[in-house]
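In what follows, a structure is listed as structure tokens, so that the remarks can point back to it.
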Amino acid sequence: MDVSTFDAATHYPQGWLVSGLPLQELESGLYGLYTAGTEGAENVLAGFLFTSVKAPAAASTRVGGAMLEHGRVKVANLPVPVPEAGQATAAGRIIFA
């Protein structure tokens with residue numbers, strides 16, 4: 001993952017990228033935080049970070065992590081909201097409850 005797409009104060013204030021963060025594939029081929037209207041392969045929600053990952057000291061350092069790309073997600077339990085337009089890009093792969 002490209003950690004530079006995440007904000008330290010918002011997404012990993014305790015030093016961990018928390019599970020449930022929405023991800024999108026970036027033009028670089030890495031994955032980063034999904035945000036509507038930004039860089040990405042047609043701005044498609046690729047999935048969600050499956051487990052928490054220790055954030056590196058430098059945001060330029062890449063980290064690996066598991067991604068949930070097919071399944072059921074409880075919207076109320078996500079650490080950051082995903083707009084309905086983003087949810088629609090994952091239709092058929094992810095069911096939002």
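The values are calculated or read from the model by the stated rules, or taken from the named source; none is laboratory data. The structure displayed is predicted, hence computed values, not measured ones. Cβ sites come from the backbone with ideal geometry, for glycine too, and all protein chains shown count toward neighbours. The area values use the complete protein model at the heavy-atom level, side chains included, leaving out ligands, DNA and RNA. Shrake-Rupley method; radii C 1.70, N 1.55, O 1.52, S 1.80 Å.
For the reader, a short list of remarks on this structure follows.
- Restricting attention to segment 9-24, the residues that are among the hydrophobic types (A, V, I, L, M, F, W, C) and within 9 Å of the chain's Cα centre (by Cα) add up to 2.
- The listed residue being β-branched (Val, Ile, Thr) and without any contact (Cβ under 8 Å) to a residue 24 or more places away in the chain, out of Val75, Val82, Val53: Val75
- Which numbered condition Leu49 fails, given (1) in contact with a Gly (Cβ under 9 Å, 6 or more places away or on another chain); (2) among the aliphatic types (A, V, I, L, M); (3) closer than 15 Å to Thr5 by Cα; (4) at pLDDT below 95: (4)
- Residues of segment 51-79 satisfying the condition of being among the hydrophobic types (A, V, I, L, M, F, W, C) and either more than 14 Å from the chain's Cα centre (by Cα) or under 15 Å from Tyr31 (Cβ atoms) (or both): Val53, Ala55, Ala57, Ala58, Ala59, Val63, Ala66, Met67, Leu68, Ala76
- Residues being in contact (Cβ under 8 Å) with a residue 24 or more places away in the chain and over 9 Å from the mean Cα position of the chain (by Cα) - total across segment 25-38: 4
- Strands (runs of 3 or more DSSP E) within the chain that include 3 or more residues open to solvent by less than 50 Å² (accessible area, probe 1.4 Å): 22-25, 47-49
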